[in-house]
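No value in this document is a laboratory result; all are computed from the given coordinates. On a predicted model such as this, the values are computed, not experimentally measured, just so you know. Cβ placement follows ideal geometry from the backbone for every residue including glycine, while neighbour counts extend to all protein chains displayed.
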Amino acid sequence: MSSLHRQLSQLLSAWSWRRRVDVSLCSATGLHLRTYCSTSSEPDPLQVHRRKLFLWFSHLPQEEKQFGGYFSPETMHVDPLIVERKAEERAGLLSLPLQTQPLSSSSVSVEQLFETTDTWNEGRGVNVLLYGAVGTGKSTVVRKLVLDWCTGTGLTHFKLLVPFSCEDLSELSKVASLRDLVSRKYLHLRKHPLLSGEGNQAKDVLFLFNGMEKMKLDFRIGSTELCSDPNEALPPNVVVVNLLRKYLLPEASILVTTRLSAMDRIPQKYVSRYAQICGFNDPGRQRAYFTSRLLQQSGETARDHEAQALIELLYLNLQRESQLAAACFLPSYCWLTCATLHFLHFTDAKAPIRTLTGIYTSFLRLNFGGEVLGTGAGTNVPIQGHNNSLMLYVVRTVGKMAFEGVTYKRTSFSEKELEQWIGGKTKTDEELHQLAMFRTDVLDFFLAPCVESGKHFPEALSENNEQRYVFAVPAMQEYLAALYVVLGENKSALEKLSKRMSVAIGQAGEDVNALFGILSKFIPLRIFAVFNLLKLFPKLYEKISSHNKGSIARTMATEMFRTEDSYNEDVLDQVEQSLLGVHGPQPQQHSEGPPFELYPIFMGGLLHYGNRVLLQQLGCSIQSTTVVQITRALRKHLVRELSKPQPPEEVMDLLVLLYEFQNPRLTAEVLASMRTIRLTNIRMTSLKCFVLSSVLSCTPTSYHLEELDLSSCLLTHDLLQTLWPAFRHTHNLNLQFNSLGPESCILLRDLLLDPKSSVRSLQLCDNPLLESGACTLLEALPENQSLRHLSLMHTGLGDLGALQLAERLQQHSGLQELNVAYNNIGDNAALALVDACREHPSIHTVHLYLNPLSDVGKQSLYVRGVPSSDSGSGRRVKVLASVTEGSDLSEDWHPILRVIRENALSWDRQRVQQQLKVFLRDLEWGRQQQQSLWKRLHFRRVEKGVRQTLELLEKDPPTPPTGYRM
């Protein structure tokens, strides 16, 4: 389909109406439009109309770039359930906005709705009212309907389809005839005979009015005059009313889409058929949608396999009738699910910068962009002032409830609580109308009946068995709560009072000053001093407001580093589990309530300029001064918290916060106080690696971490490539216990050869590097001068690798410690390596334990490690080959046993047991050689430690830990 879009784009830039172009388009695109291709020199207006509509409606919104731009409307579309309703059935829909209605009718297609019925007069067109709540897919159905007509695969009995946006029509202030309205948008149709009104030609015309709730339609004869002339100029709403009345072009058919609350704005006698879009009512449709979105990557087999696995996990979660299945009843939430999973699993360095906050903000802009809350009393007069934004109304009602839930760690709400937060106190008639519209159209979009009873509910509430409601997706509660706080809606009473006084005084302006000047001549000084105090209110409000911004920053830092949340998984894993479910043992929750760790991260992400621009389009403004005040205070609080040691999960969450914030200066200032990043046991994904690299790339080139600990993080070669920028900022790099193979050594070799790299310690224990990988890595030793400590324990080095290492050691003068334990190295290779280390100018320690060394070989190693008497140097190389050195205990027996004990469960059990028995034999023989009772007791203590480790291995192994540290 990408070639199709390229060809259509070229046609748009250089439009030609000759027959040669027409024929080439029809044949190249494969749209099967040959019956419409013009054979004359003049272009067919209907064919031109089809082409232009196809181009316009094929355009994807900016939000679809979340998926990498591999999609087209044809491949992405999955038909939602459409049910035809009787006129009496549609009346009950407005009374129960929070309950899913039973589907008593069979599903229909839009094309079937325009089939002739006995109940409608012959010679008159059909008026179809297609309605549904926010997020059910009305706009998507309209787009697919238009594209099908353009390609000749749908609505083929209509020669002309004329789509209108009711939002555009409502903005027109001048009168215009029907033909003017058509030609204004579709110039090529300005003289078309199908719209002339002569004869019955209009029977081949279908008008489409999308979003009828945005227009002020009045069907009263006294308010809207009758008109049957397509050339008579009238207000746009009058033209639409006459079309629906069948007074203007009565033969034409009409499709109107609208929200639930606006259904009755068209009298029943003017509607031929009612049809409701019910979204995705079964897991099959949902799975088809997920497949169309996630399974079309850029042709990469590995990504397709991963996408297929994600789809299977999603489907399992949906089949369990989870809360996600209830949310994905709305296609909009299917989009959000796919966008989030694409963000979590398919983010790489080549993709544009995307954030989780940006996905949620884009999601709301897709569904509520430009939406206002009308009065609902048969008109659509918007509310005056800033309250007309529907999204702002959502923040002040649902957002306030979300904030209270986050504050008191609650995720469910009763019907009474909904009435309290959404309904509030007694309101005016206009406000009650607005509230009724909101409950009908929007409330279902955010809240759904809870299907997972008892989860995170207080005992007193769950025992009542009353219906409770939760946010459709858990993260939406935290997003709306964060938006409620950042917009400053949680003002204190003093702040609200001072703001009102400040606004009142500010509006008075110079008149107040002039009045004070006059009154000062007549009012005593003491009384006048009271009036002068009023001038202080703007400054007082400014101080209170500044203090409030500081409290927001303090709240963010406090929520980020909650002690009770430190045992939870990092936020990105929590988001993934909420979508894919938890398979296997449930994670142990140490906190009493649900963790709300996305809440402070969303607050940081909302301050990013790109998200503020999108929110501005939704009527939610976050001022730059607010961002500056919060940022300044946040930096102080984060630096203060980072002075304390933090668990790896909290460190990962901090990195996500800095990434979501997208503020390089703040990131650099916060990281300046961090010299160690420990992410041990964190399940690193492509996104987490990208986040780490992106955050560290904000620091200056002179910034270096003392240690970057990525041990037991399930790293692979592909992830290592993403982490390359982060490695260049690191002195001590710990990559132990991952899945790095020989191919990863090429990248690590290039890292050591990079002149901008300053890696001093490289730990690669328990990675299957093998001999080939180790030899590749050692190619960097001649040119690298920064490396001081190299750990290759349990990497499959073998004799060949050890001999290669011995040959290259003299080419690297800075190495000080070398760990090649547990590598199947024999006596000869070990002796060669120790000889090379003894001749090396700086190496002082070599680890060789757990290798198949003979007793003679070990004894020779200790002798070789001690400089000979005729050698001019007095430097000694410490060789750690066993817990004993001949008949004496090794002074390093304790670290050897510690390493074995911590890693025994992940190593070859039989091999480790064999080596421990060798240690016991060496200890027993050494103890028998001792004359001192004290030394014998010391031997006994070491023997006890070895036996305990051996007993641990001989028992049934417990669940192995997720990671180990050396």
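Details
- Applying 1/(1 + (r/R0)^6) with R0 = 60 Å to the Cβ-Cβ distance of Q931 and A309 gives a FRET efficiency near 0.35.
- In Hz, Karplus ³J(HN,Hα) per residue of the range 773-780 (6.51, -1.76, 1.60; θ = phi - 60°; x = Gly, Pro): x, 4, 5, 5, 5, 5, 5, 7
- Taking label positions 7 Å along the Cα-Cβ direction at both E88 and V639, the computed distance is 7.3 nm, reported to one decimal.
- Cβ-derived FRET efficiency at R0 45 Å, L714 paired with S624, nearest 0.05: 0.65
- Taking the range 733-759 and a reference point 7 angstrom along Cα→Cβ of R808, the backbone N atoms nearer than 17 Å belong to 741-755, 759.
- Compared with the direct C-alpha span, the chain from A288 to Y247 gains 10.5 nm at full extension, assuming 0.36 nm per residue.
- Cα gyration tensor, the range 569-701 - rounded (a/c under 1.5), prolate or oblate: oblate
- Note on H844 and K427: the extension gain reaches 142.0 nm, defined as 0.36 nm multiplied by sequence separation minus the Cα-Cα distance.
- Computed over the range 118-218: relative contact order in percent, which uses C-alpha pairs under 8 Å that are six or more apart: 35
- Once the Cα-Cα distance is subtracted from the 0.36 nm per residue extended length, the S854 to V175 segment shows a gain of 234.3 nm.
- Inter-site label distance for T701 and V863 at 7 Å from Cα along Cβ, in nm: 5.3
- Charged-residue dipole, Cβ positions (Lys, Arg, Asp, Glu), the range 283-351 about Cα centre, Debye nearest 20: 180
- Residues in the range 789-825 reached by a label modelled at D908 [backbone nitrogen below 19 Å; 7 Å Cα→Cβ]: 792-803, 820-825
- Cβ-Cβ distance of R220 and Q617, R₀ of 35 Å, FRET efficiency by 1/(1 + (r/R0)^6): the value works out to about 0.50.
- Anisotropy class assigned to the range 211-279 is prolate, per the alpha carbon gyration tensor with a/c at or over the 1.5 cut-off and a/b larger than b/c.
- Protection proxy ranking of 220-226, 831-837, by the mean of other Cβ atoms within 10 Å over each peptide's residues and highest first, is 831-837, 220-226.
- Mean Cα-pair separation over length for the range 801-862, i.e. relative contact order, pairs under 8 Å, 6 or more apart, %: 43
- Based on the convex hull around the alpha carbon atoms, the range 283-351 presents an average projected area of 4.4 nm².
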